[in-house]
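Reviewing the structure listed below.
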Amino acid sequence: MEARELKVPWDPKGIVFDLDGLILDSERFYCRAWQEAARELGYEITEEIYAQFVGIPNAEAERLLAGKWGPEFPVHEFSARWHRCWENLLQRERIPSKPGFEEWIALLRASAIPCAVATSSDRPDVLRALGERAASFSAIVSRDQVRHGKPAPDLFLEAACRLGLEPSTCLALEDSEAGLESAFAAGMPVILVPDMKPPSAAASQKAFLVASSLHEVRQWWELNRLHAEGDSEANGARLP
């Protein structure tokens, strides 16, 4: 686990999380809903096809899918069907948190670090998917609350604003390249925790850290805080 130096403050004032694929193991739920809806209409969405849309707002992903399959593809019917499939999945199953999230958010709460969510999903879907986990966040910014979705910086800028912080003092956590670009454009250092799609070399270079899981992010955080406390003590010892 190697982090680049001087791209993140030792003591970030706030943390801004992506939602799908970062907090929640929900991308696979979305993929199942899209696959079921496509099959009902006589099309096939493989995991490789779906991975191309990770991090992109749903409406934009639907337009890209329509562009792939041409004007005969019934995009509005597909949208209605996958939303129904999604609702049916949520009624049957609770979307699990990604490994390490519960421990990581508990540590941040104990450290009094304010946290926000910046997501490409719309607010009703966000609150439904998060459930009681929504209480862990001081702010939740959804796609329907800003003018431009990812990779534009709007979501992360609004999240920092609602936390009352400058973007450069916040640390962003993302699983997708579109999300990384969004946070990077907002001026936030970014930790990338890839989910369904491995990052490109260019994305990895932009990230402050590429981690395999939120467990690894928490380990980095604890190590980082130990270094910061050690530096503070050393500086205090040098005072006359």
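Each value in this text was obtained by applying a stated rule to the coordinates, not by laboratory testing. These numbers come from a predicted model, not from an experiment. As a convention, Cβ positions derive from the backbone with ideal geometry for all residues, glycine included, and neighbour counts pool all protein chains shown.
Only helical DSSP H runs with n ≥ 4 go in: add -39500 (n - 2.57) per run for the chain, normalise by residue count and round the 222 nm mean residue ellipticity to 500 deg cm²/dmol. Helix contribution divided over all residues of the chain: -15000 deg cm²/dmol.
Taking label positions 7 Å along the Cα-Cβ direction at both residue 213 and residue 11, the computed distance is 3.1 nm, reported to one decimal.
What net charge do the residues around residue 66 carry, taking every other residue with its C-beta under 13 Å from that of residue 66, with Lys and Arg at +1 and Asp and Glu at -1?
Values: positive: 63, 68; negative: 60, 62, 72, 77.
Net charge in that neighbourhood comes out at -2.
For the chain, the longest principal axis of the Cα atoms and the long axis of helix 75-92 meet at an angle of about 60 degrees. Computed as a quarter of the hull surface, the mean projected area of the alpha carbon convex hull for the chain stands at 13.8 nm².
Want the number for residue 224 to residue 107: 0.36 nm per residue separation, take away the alpha-carbon distance, what's left? Numbers along the way, then the final one.
Values: separation 117, 0.36 × 117 = 42.12 nm, distance 1.34 nm.
Going from the current span to full extension adds 40.8 nm.
In this rough spin-label picture, where each label sits 7 Å from Cα along the Cβ direction, the residue 161-residue 83 distance is 2.6 nm. The slack in the chain from residue 60 to residue 134, taken as 0.36 nm per residue of separation less the alpha-carbon distance, amounts to 24.1 nm. Between helix 214-237 and the chain there is an angle of about 20 degrees, using the helix long axis and the longest principal axis of the Cα atoms. Taking every alpha-carbon pair under 8 Å whose residues sit at least 6 apart, the chain reaches a relative contact order of 28 percent. Helix 154-163 and the longest principal axis of the Cα set of the chain meet at an angle near 50°.
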